[in-house]
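S.K.: Have a look at this one.
The values are calculated or read from the model by the stated rules, or taken from the named source; none is laboratory data. Given the structure is predicted, the values throughout are model-derived calculations rather than measurements. Here the Cβ positions follow ideal geometry from the backbone for every residue, glycine too, while neighbour counts run over all protein chains shown. Remember, those area values only see protein heavy atoms, side chains included, never the ligands or the DNA or RNA. Shrake-Rupley method; radii C 1.70, N 1.55, O 1.52, S 1.80 Å.
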Amino acid sequence: MSKIPALICGAGPVGLTMAAQLLRQGIGFRIVDKNSRRSIHSKALVVWARSLEVLNTAVPAQDFIDAGIPVRKAEYWFQQERLAEIDFSGAESPFGTGVMIPQDETERVLEESLARHEIHVERQTELKQFEQNATGVRCQLAKADGTMEELDVSWLIGCDGAHSVVRHQLELPFHGELDRHRWYLADVHIRGEMPDANVVICGHPDGIMICFQIRGNRWRIIAEVDLTDPDQPVEEVKLSQVQEMMNQRGPSGFELADPIWLSEFRINERKVDRYGVGRAFLVGDAAHIHSPAGGQGMNTGMQDACNLAWKLALVEKGVAGQPLLESYTQERSVIGEQVLKAAGRLTDVATLRNSLAISLRNIALKTATSFHWIQKRARDTLSELRINYASSPLCGAHILHGAVRPGFRVPDLHWQTNDGQTESLFAEMKDPSLLLLTWQMGPEFTESLFEALPARWRDDVRIVSLLQTDDDDFDADGIMPASEWKRLGSEVPGYALLRPDGYLALSAKANEPHALQEWCAKLS
Ligand SMILES: Cc1cc2nc3c(=O)[nH]c(=O)nc-3n(C[C@H](O)[C@H](O)[C@H](O)COP(=O)(O)OP(=O)(O)OC[C@H]3O[C@@H](n4cnc5c(N)ncnc54)[C@H](O)[C@@H]3O)c2cc1C
């Protein structure tokens, strides 16, 4: 029997995303999880715009949108007075700023999407240990019936969460620390008309409390309690304790009822330096954990998966080599670092106790949120549309000097197909290959571009050639006005190579096919 290319260990949101992306890439895999069922907890409450965009290449973003509510607005209250408002609407993405959706629903959408392709998670199947050599990984799986299975794969992908067995066996240090703050968490129903916002942040001298709308009158409340010894066991939380905090810190007159989940948590901030060794990789919480401030944890993990999947596919098919795989750590570790720092800073600001510092925070928030550009920056940062790999070794030539540089997200461009339909780039990106968009290039240039592609890359790069206007002399795939092309590069005829995860690899003028050749050569 031939070897299965990949084993995905862990079917949380990140493992399921990895599965959807490998399926899109046509790479065979198995996905196992030690638990007997999906998590029932709401944990991560938002899927941000950039995650929706990259997920949409494999699972319709609309499925997540239909199962949640749009991210609209946050309000900041202090001692029962409303001080500031952040408007989240208007992000430059076809999917808005993001969608509020509990994590168990996110996992359901992902798992159902896989099931439509007859892919099922093998539950009660636990990776116990593995060993790897230059050609593969031998995994020991413990099954529900008590038997062990030995499985040989080419790649092991550890999506096995914060206590990752893959990370432990790779002996990768998980640098960081446990924060001493205790937090109450309540997933409850609230009786009464809450402020008209998805997120209500309530500052108070005794500690901050934040309410996130899940759907209708179901809300997640988290409230800072006090400092504690990290070794003190986690306590059981009672609804009455959270109600007391609501009365003291929140807008007045609200009754909490019908709790779905009551818990206490503490914040761990940790990250590995390397996201993989040899043929084994770490993705999601297995590689980084941090404060939930900003709601980036799960989203960062999902985008790790989207970054790794196409690279693994090209290497598995023998198209690209080790340099492409190494870029996974190079690109995602930088992002992980940024997320950890930003979440830590947000938590520090949220947990201020000194009254002068709290007053300054309140003034700063009130002033900052009155500026439109600050609101826009906050929205674009949270929605992860600003994520880029500008320092990545994968960034190729940048000859067009356009708004989007190599390593940056490509916006959703539109063009008209020859049969008069409007085509969107994001719809086109569902195809798993790299996309070579050419604009205003004559057939001789397009041909020399194709010839510049090394033979083994040709099946994995598709060319869409576009013209500014209909021209009987040229055979093209559609028409794109200069204004649209300008969003990507300049008005100069040329081409752009787009990665399967929606980032620009390179852009060049029509008569510069060597830029493409050099990019492919660098990754072989
Ligand atoms: C209380 C709480 C609130 C949170 N709030 C937010 C938020 O607001 N926003 C946000 O973005 N994130 C939030 N998070 C974090 C978010 O839940 C995680 O980032 C996310 O779950 C990570 O997904 P994952 O798939 O990497 O790991 P996990 O969800 O932990 O999934 C790992 C899976 O691997 C399986 N597994 C583990 N070991 C093995 C093994 N040896 N063999 C087989 N299977 C194995 C586990 O059973 C599990 O199903 C929160 C987390 C908690 C606990």
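S.K.: Could you check the simple spin-label distance between N217 and K317, using points 7 Å along Cα→Cβ, in nm with one decimal?
M.R.: 5.4
S.K.: Can you order the peptides 412-420, 105-113 by their average number of other Cβ atoms within 10 Å per residue, highest first?
M.R.: 105-113, 412-420
S.K.: Can you work out D for the range 382-454 in µm² s⁻¹ from Stokes-Einstein, where Rh is the Kirkwood radius over C-alpha pairs, the temperature is 25 °C and the viscosity is 0.890 mPa s?
M.R.: Taking Rh from Cα pairs, D becomes 165 µm²/s.
S.K.: A further question on this structure: Roughly how far apart, in whole Å, are the Cα centres of the range 389-459 and the range 238-263?
M.R.: 52
S.K.: Given the Cα-Cα distance of D104 and R37 and 0.36 nm per residue of separation, how much length would full extension add, in nm? Intermediate results must be reported in sequence, preceding the final value.
M.R.: Working: separation 67, 0.36 × 67 = 24.12 nm, distance 1.09 nm.
So the chain would gain 23.0 nm between D104 and R37.
S.K.: Taking a cut-off of 12 Å between Cα atoms, list the aspartates and glutamates near K34, but don't count ones fewer than 8 places away on the same chain.
M.R.: E122, E126, D160
S.K.: Counting DSSP beta bridges with both partners in the chain, what percentage is antiparallel, nearest 5?
M.R.: Just about 75 percent of them are antiparallel.
S.K.: In the range 31-46, whose amide N lies under 20 Å from the spot 7 Å out along Cα-to-Cβ of K128? List them in ranges.
M.R.: Residues passing the 20 Å test: 31-36.
S.K.: A 22 angstrom limit on the alpha carbon distance is what I want to check against. Which of K486/K509; K73/K341; K238/K341; K311/K430 exceed it?
M.R.: Details: K486/K509 13 Å; K73/K341 24 Å; K238/K341 32 Å; K311/K430 16 Å.
Correct reply: K73/K341; K238/K341.
S.K.: Residues in the range 499-524, backbone N under 17 Å from the label point at F474 (7 Å along the Cα-to-beta-carbon vector): list them, ranges by number please.
M.R.: 508-513
S.K.: Now for a separate question. What would the Debye formula give as log10 I(q)/I(0) at q = 0.10, 0.16, 0.18 Å⁻¹ for the alpha-carbon point model of the range 176-268, no solvent?
M.R.: These q points yield log10 I(q)/I(0) values of -0.25, -0.62, -0.77.
S.K.: Is there a quick way to get the dipole size of the chain? I mean about its Cα centre, with the Cβ of Lys and Arg at +1 and of Asp and Glu at -1; what is the value in debye to the nearest 20?
M.R.: My answer is approximately 1180 debye.
S.K.: Could I ask something else about it? Stokes-Einstein diffusion coefficient for the range 414-522 at 25 °C in a medium of 0.890 mPa s, Rh from the Kirkwood formula over Cα pairs: what value in µm²/s?
M.R.: 176
S.K.: Which ³J(HN,Hα) values, rounded to whole Hz and listed in residue order, are derived for the range 453-460 from phi using the Karplus coefficients 6.51, -1.76 and 1.60 in 6.51 cos²θ - 1.76 cosθ + 1.60 with θ = phi - 60°, glycine and proline given as x?
M.R.: With coefficients 6.51, -1.76 and 1.60, one gets 6, x, 3, 6, 8, 4, 6, 10 Hz.
S.K.: Give me the percent of the accessible area of the chain that comes from carbon and sulfur atoms, probe 1.4 Å, all protein chains in place.
M.R.: The computed percentage sits at 50.
S.K.: Once both labels are modelled 7 Å past Cα along the beta-carbon direction, what's the H163-R345 spacing in nm?
M.R.: Using points 7 Å along Cα→Cβ, the separation is 3.4 nm.
S.K.: Can you report the principal axis dimensions of the chain using only the alpha carbons, biggest first, rounded to whole angstrom?
M.R.: 74, 60, 38
S.K.: Please work out the C-alpha center-to-center distance from the range 165-187 to the range 310-353 and express it in whole Å.
M.R.: Computed from Cα coordinates, the inter-centre distance equals 17 Å.
S.K.: Sort the following peptides by mean Cβ neighbour count (other Cβ atoms within 10 Å, averaged over residues), highest first: 233-241, 322-330.
M.R.: Working: 233-241: 12.6, 322-330: 17.4.
Ranking, from highest mean packing down: 322-330, 233-241.
S.K.: A follow-up question, please. As an exercise, use a Förster radius of 41 Å and the Cβ-Cβ distance of D459 and D66 to find the FRET efficiency, rounded to the nearest 0.05.
M.R.: 0.70
S.K.: Given 0.36 nm per residue, what is the gain on full extension from Q338 to D273 after removing their alpha carbon distance, in nm?
M.R.: Result for the pair: 22.1 nm of gain on full extension.
S.K.: Let me ask something else. Rounded to the nearest 500, what is the 222 nm mean residue ellipticity of the chain from helices alone, with -39500 (n - 2.57) per DSSP H run of 4+ residues and division by all residues?
M.R.: -9000 deg cm²/dmol
S.K.: Evaluate E = 1/(1 + (r/R0)^6) for M148 and E118, where r is the Cβ-Cβ distance and R0 equals 25 Å; express this FRET efficiency to the nearest 0.05.
M.R.: 0.45
S.K.: Also, I was wondering about something else. Quote the FRET efficiency, to the nearest 0.05, computed for D258 versus I4 with a Förster distance R0 of 41 Å and r equal to the Cβ-Cβ distance.
M.R.: Working from the Cβ atoms, E equals 0.35.
S.K.: Under 8 Å for C-alpha pairs, at least 6 residues apart: give me the relative contact order for the range 414-522, rounded to a whole percent.
M.R.: Worked out over the range 414-522, it gives 31 percent.
S.K.: Something else: Out of every Cα pair in the range 468-524, what percent are spaced more than 17 Å from each other?
M.R.: Above the 17 Å cut-off, the range 468-524 has 50 percent of its Cα pairs.
S.K.: Next question. Where does each of 505-512, 173-180 land if you order them by average Cβ count within 10 Å, highest first?
M.R.: Output ranking for 505-512, 173-180: 505-512, 173-180.
S.K.: With the other protein chains left in place, how much accessible area per residue, in square angstrom, belongs to the chain at a 1.4 angstrom probe?
M.R.: That works out to 42 Å² per residue.
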